[in-house]
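The structure appears right after this line, and notes come after that.
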Amino acid sequence: LRQVIRALGLKGVSVLETRLEKDNEQLSAWQNATPILTSRAFASINLFLDLAEPFCAPGGKVICMKGRKAAAEVAEWQKLSAASPFKLTETIETALPFTDIPRKLLVFTKG
């Protein structure tokens, strides 16, 4: 992430390297404050959104990169999380560099 920030010349961007856990003391200052959350391959959409929710600012976004099972995970999330504060607002089709393996970036927005 730091390399991407440097390459794109982004300003005002922070990278926090820690485990996304509700009782993680390093995260206490980030409660409802983070405009965009993303992660490396981490967990199911359901689990990631549940863990990200306390830290995602209202109107903020959570971006999940998923492979061939993306549609199944979205369907499972919709079934299990009807009361979720997140809505799937964008799906971006992409491919991994050098391999062209397809991926989907799923963008969830917190209401």
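From (1) assigned to a helix (DSSP H, G or I); (2) among the aliphatic types (A, V, I, L, M); (3) touching a strand residue (DSSP E or B) at 6+ places or on another chain (Cβ under 7 Å), pick out the condition that doesn't hold for V107.
(1)
Checking T89 against (1) in a helix (DSSP H, G or I); (2) β-branched (V, I, T); (3) open to solvent by 20 Å² or more (accessible area, probe 1.4 Å), which single condition isn't satisfied?
Every condition holds for T89 apart from (1).
Among K104, K66, K79, K61, which is basic (K, R) and in contact with a Leu (Cβ under 7 Å, 6 or more places away or on another chain)? Please lay out each step first, then the result.
Numbers: K104 fails: in contact with a Leu (Cβ under 7 Å, 6 or more places away or on another chain); K79 fails: in contact with a Leu (Cβ under 7 Å, 6 or more places away or on another chain); K61 fails: in contact with a Leu (Cβ under 7 Å, 6 or more places away or on another chain).
Matching residue, one of K104, K66, K79, K61: K66.
Considering only the stretch 64-101, state which residues are small (G, A, S) and over 18 Å from L49 (Cβ atoms). Steps first, please.
To start, the set of residues in the stretch 64-101 that are small (G, A, S) comprises 67, 70-72, 75, 81-84, 95.
Selection gives A95 alone.
Going by what's in this entry, would R68 be described as under 13 Å from the mean Cα position of the chain (by Cα), charged (D, E, K, R) and part of a loop (DSSP other than H, G, I, E, B)? Full working, then the answer.
On the way: under 13 Å from the mean Cα position of the chain (by Cα): no; charged (D, E, K, R): yes; part of a loop (DSSP other than H, G, I, E, B): yes.
Judged against the criteria, R68 is not a match.
Being within 14 Å of the chain's Cα centre (by Cα), more than 22 Å from R2 (Cβ to Cβ), open to solvent by 30 Å² or more (accessible area, probe 1.4 Å) and among the hydroxyl-bearing types (S, T, Y) is true for just one of S28, S44. Which residue is that? Lay out the reasoning, then the answer.
Working: S28 fails: within 14 Å of the chain's Cα centre (by Cα).
One residue alone meets the criteria, S44.
Does A75 count as out of contact with any Asp or Glu (no Cβ under 7 Å at 6 or more places or on another chain) and either of a type in the set (V, I, T) or at pLDDT 90 or above (or both)?
Working: out of contact with any Asp or Glu (no Cβ under 7 Å at 6 or more places or on another chain): yes; either of a type in the set (V, I, T) or at pLDDT 90 or above (or both): yes.
For A75, the condition - out of contact with any Asp or Glu (no Cβ under 7 Å at 6 or more places or on another chain) and either of a type in the set (V, I, T) or at pLDDT 90 or above (or both) - is met.
Has the stretch 31-40 got any residue that is open to solvent by less than 60 Å² (accessible area, probe 1.4 Å) and either more than 24 Å from L88 (Cα to Cα) or modelled with pLDDT of 90 or more (or both)?
no
Among residues belonging to the stretch 2-25 that are acidic (D, E) and assigned to a loop (DSSP other than H, G, I, E, B), point out the one that is surrounded by the most Cβ atoms within 10 Å (Cβ to Cβ).
As a first pass, look at the stretch 2-25 and keep what is acidic (D, E): 17, 21, 23, 25.
Next, from what is left, pick out any that are assigned to a loop (DSSP other than H, G, I, E, B): 17, 21, 23.
Values: E17: 7, E21: 10, D23: 6.
It comes out as E21.
Checking the condition surrounded by 15 or more Cβ atoms within 10 Å (Cβ to Cβ) and assigned to a strand (DSSP E or B), which residue from V74, V62 passes? If you could, list the steps in order and put the result at the bottom.
Values: V74 fails: assigned to a strand (DSSP E or B).
Going through V74, V62 in turn, just one is surrounded by 15 or more Cβ atoms within 10 Å (Cβ to Cβ) and assigned to a strand (DSSP E or B): V62.
Filter the stretch 93-111 down to the residues that are within 13 Å of the chain's Cα centre (by Cα) and of a type outside the set (S, T, N, Q), then identify the one that is surrounded by the fewest Cβ atoms within 10 Å (Cβ to Cβ). Give the steps one after another, and end with the answer.
Taking the stretch 93-111 as the starting set, the residues that turn out to be within 13 Å of the chain's Cα centre (by Cα) are 104-110.
Now drop any that are not of a type outside the set (S, T, N, Q), which leaves 104-108, 110.
Numbers: K104: 19, L105: 15, L106: 22, V107: 18, F108: 25, K110: 23.
This residue is L105.
Only residues that are within 8 Å of the chain's Cα centre (by Cα) and part of a loop (DSSP other than H, G, I, E, B): list them for the stretch 31-41, please.
As a first pass, look at the stretch 31-41 and keep what is within 8 Å of the chain's Cα centre (by Cα): 36-39.
Scanning the stretch 31-41 gives a single hit, S39.
The values are calculated or read from the model by the stated rules, or taken from the named source; none is laboratory data. Only a predicted model underlies this, so the values are computations on that prediction, with no experimental measurement involved. Because the Cβ atoms are built from the backbone with ideal geometry, glycine has one as well, and the counts that use them run over all protein chains shown. To get the accessible areas, we keep the full protein, side chains included, count just its heavy atoms, and leave off ligands, DNA and RNA. Shrake-Rupley method; radii C 1.70, N 1.55, O 1.52, S 1.80 Å.
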